[in-house]
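The values are calculated or read from the model by the stated rules, or taken from the named source; none is laboratory data. On a predicted model such as this, the values are computed, not experimentally measured, just so you know. We place every Cβ from the backbone using ideal geometry, glycine too, and count neighbours over all the protein chains shown. The accessibility values were calculated without ligands, DNA or RNA, using every heavy atom of the protein model including side chains. Shrake-Rupley method; radii C 1.70, N 1.55, O 1.52, S 1.80 Å.
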Amino acid sequence: EIFYDHVVQPVLREDNEIGVRSLSESEDKIKGSFSLMSLFDSITYNKGAAITWMLSGFLTEKLFIRALTSYLKEFSFSNANQDDLWTHIQMVVDAQDAVQLPASIKQIMDSWTCQNGFPVLTLNLTTGTISQEQFLNKKENSTHSYNNTWIIPISWMRNGSSQPLMWLDKSSKVFPEMQLSESEYDWILLNVNLSGYYRVNYDQLNLERLARLLDNDPKAIPAVSRFQLIDDLFALTQFGYVQIETALELTKYLAKEDELFIWNVVLLNLVPENLESTLRNYEVYPLLKKYLLKRMLPIYHYYAGFIRQNIDALEDDYFAKVYLEKLFATACWLGLQDCLNLSSELYAKWMDNPEYKIPFLIRRTVCCYGVALGSDKEWNFAWEMYNRSDSTKEDKDILLSAMSCSRESWLLYRYLQYGLSDTLFSSNCTSIMILYVVTKDIGHRIAWEFVTENWPLLSERYGKELLHDVLKGMGRFVNTDVQIQELQVFYNATLEEDERVDTTLLLEFTKFENMERRELLTKMANWLQKNVDD
């Protein structure tokens, strides 16, 4: 689960831009313009690991280890290239009959290491047809016509039982054994436990059956496959392969989902960090609140119990360490009363006794809502703790962010004013403070006024860098032409000719992104409207 969540999924998210290199680079490229250092990146390490994992999967671990052993022995104290590895694996494969491959190891592996990107498989299970194409953003109607094909191992299960491995070695192929029957209890799942480095785009019929299955018995699908199903669908939505409604259908079962890493991928897609303020619009927010809270309650209460009674019991829960904060922050953001109360209680406890430690796993959320729900008393306490000589860099960061959570505009204004005084903060704090305030609901107007009023001083002190960061932050809230004009007027008055061009482009791009987002939010609102009471 950790491997998939931390290694494979992040690289799938970045390995789909047109410019991303392939895993293996030819030597002439490296000798020439290609800088060697840039090869030590996530394509090498994450994609390399994912493809090795896939190789070990279709060979079986026994053969894989046997081949590696012979390869390492032969080349110990000398040099090797990737074809040497393929030769040794081929020797082991040729010496047995149990594992049969559709092509040589070199042909199979070259399709993964020498081509950039990865495939998405599109299924039509009425006919049993599977086709492949490179996974690229369909919304950017690019002129590139890629006819890359991969030799793809397909692990699959039907109705809960594993099936023999299949291979897709051309752009499209019919697998009669994968045709779905009339029975609504007949379902198929591909790429079980993410054994292959690709995404799957199921047809509507199978998706409906998988959604029903999740609703009745989520554990019938292995946890990693549930994660992958949801992640694939949101990625397919983002790239224009399927509509957002299709992805949302698969979130209905979530009240029965008890895996934190699966919740995390749902929340990253439904409540992305930088969109909180955009999502708080009057159409989507109340619907999302009702829809999500109903489903989050079981897992929220499960963990809240530990926080209240026995936080140490979570010591070995790896995913709680990395993802509990996101779950809690979302529950509080959606206004779950218990979450707000818990934050206030723990913050008050800390105010009574500054030596008390707020549970580390949810400290950021507790401090933010402690300040948000309080008055200047709570805010001043955060300020006092921030200035303690023994507070660590991380304490300071958490408190700096918490002080921007206040819901009283005069406190936010004072906070920004503090940021201007040389003695209180190091210079890089000021831009961070402005950005913290910009992303808060009531903060972005305040931050904007503050920046425009104090521009001469800010620009003298921090120069263009700051403006750029702040504009990016402001940009997310620019939805109307009027707002864009307002920014434009400010630029024309403050920027040099050559900088105006860049910022105008940035604005245009932001406006386009915001229009797209608004369309998406409208679709979400309509879907939630229909499904909120399910």
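Since only I51, F75, I89 are under comparison, the one whose Cα sits farthest along the positive direction of the charge dipole of the stretch 21-113, derived from C-beta charges on Lys, Arg, Asp and Glu, is I51. Out of all Cα-Cα pairs in the stretch 354-494, roughly what percent, to the nearest whole number, are more than 28 Å apart? The calculated P(r) of the stretch 354-494 puts 20 percent of pairs beyond 28 Å. Note on A103 and E345: the model spin-label points, each 7 Å out from Cα along the C-beta direction, lie 6.1 nm apart. When K62, K47, K440 are compared by accessible area at a 1.4 angstrom probe, the order from most to least is K62, K440, K47. Within the accessible area of the chain, the carbon and sulfur atoms contribute 53%, probe 1.4 Å, all protein chains present. Solvent-accessible surface of the stretch 172-244, taken per residue with a 1.4 Å probe and all protein chains present: 35 Å². Can you tally the net charge around V7? Count Lys and Arg as +1, Asp and Glu as -1, for every other residue whose Cβ sits under 15 Å from the Cβ of V7. Within the 15 Å Cβ shell, the charges total -4. How far is helix 455-475 tilted, in degrees, relative to the longest principal axis of the Cα atoms in the chain, given as a value from 0 to 90 rounded to the nearest 10? Tilt of helix 455-475: around 50 degrees.
Looking at the stretch 29-136, which GluC sites (Glu not before Pro) are DSSP coil and have at most 13 other C-beta atoms within 10 Å of their C-beta?
On the way: sites: E61, E74, E133; in loops: none.
Passing sites in the stretch 29-136 do not exist.
Its alpha carbons give the chain an Rg and a Dmax of 26.5, 77 Å.
With a sphere of radius 12 Å drawn around the Cβ of Y415, what net charge do the other residues whose Cβ falls strictly inside it have (Lys, Arg +1; Asp, Glu -1)? List each step's numbers first, then the result.
Numbers: positive: R414, K440; negative: D376, E408.
Residues near Y415 contribute 0 overall.
Rolling a 1.4 Å probe over the protein heavy atoms leaves R461 with an accessible area of roughly 80 Å².
When the helices of the chain are scored as -39500 (n - 2.57) per DSSP H run of n ≥ 4 and the total is divided over every residue, the value at 222 nm lands at -18500 deg cm²/dmol.
Computed with a 1.4 Å probe over protein heavy atoms only, the accessible area of W53 comes to about 130 Å².
Within the full protein context, the accessible area of H6 is estimated at about 70 Å² for a probe radius of 1.4 Å.
Once you've got the Cα coordinates, tell me which of K326/K530; K252/K472; K47/K511; K219/K321; K349/K393 are over 29 Å apart.
Working: K326/K530 27 Å; K252/K472 34 Å; K47/K511 34 Å; K219/K321 23 Å; K349/K393 22 Å.
As for pairs spanning more than 29 Å Cα to Cα, those are K252/K472; K47/K511.
By the Cβ distance rule (another cysteine Cβ under 4.7 Å), the unpaired cysteines of the chain are C114, C367, C429.
Of all DSSP-defined beta bridges confined to the stretch 116-250, some 85% are antiparallel rather than parallel.
Axis of helix 318-333 versus longest Cα principal axis of the chain: the two differ by about 50°, to the nearest ten degrees. Dipole check for the chain: with +1 at the C-beta of Lys and Arg, -1 at the C-beta of Asp and Glu, and the Cα centre as origin, the magnitude is about 620 Debye.
For the chain, the longest principal axis of the Cα atoms and the long axis of helix 443-453 meet at an angle of about 60 degrees.
Cross-link partners of K73 among lysines, defined as those whose alpha carbon lies under 25 angstrom from its own and excluding same-chain residues fewer than eight positions apart: K62, K106.
Just to make sure I understand: if all protein chains stay in place, what is the order of H301, H88 by accessible area at 1.4 Å, largest first? Mind dumping the intermediate values first?
Values: H301 95, H88 10 Å².
Ranking H301, H88 by accessible area, largest first, yields H301, H88.
Could you tell me which of rounded, prolate or oblate describes the stretch 21-113, using a ≥ b ≥ c as the square roots of the eigenvalues of the alpha-carbon gyration tensor, with rounded for a/c under 1.5 and, failing that, prolate when a/b is larger than b/c and oblate otherwise? The shape class here is prolate.
Sorted largest first, the principal axis extents computed over the alpha-carbon atoms of the stretch 262-362 equal 42, 29, 23 Å.
In the stretch 116-250 the Cα-Cα distances spread across 5 Å bins starting at 0 as 2, 10, 21, 24, 23, 13, 6, 2, 0 percent of all pairs.
Over all other residues within a Cβ to Cβ distance under 13 Å of F306, the charged ones net out to -2, with Lys and Arg as +1 and Asp and Glu as -1. Of the DSSP beta bridges with both residues in the chain, give the percent that are antiparallel, rounding to the nearest 5. Antiparallel: roughly 85 percent of the beta bridges in the chain.
Could you sort D232, D94, D316 by accessible area so the largest value comes first, with the probe set to 1.4 Å? Show your work: numbers first, answer last.
Values: D232 5, D94 110, D316 145 Å².
Most to least solvent-accessible, the answer reads D316, D94, D232.
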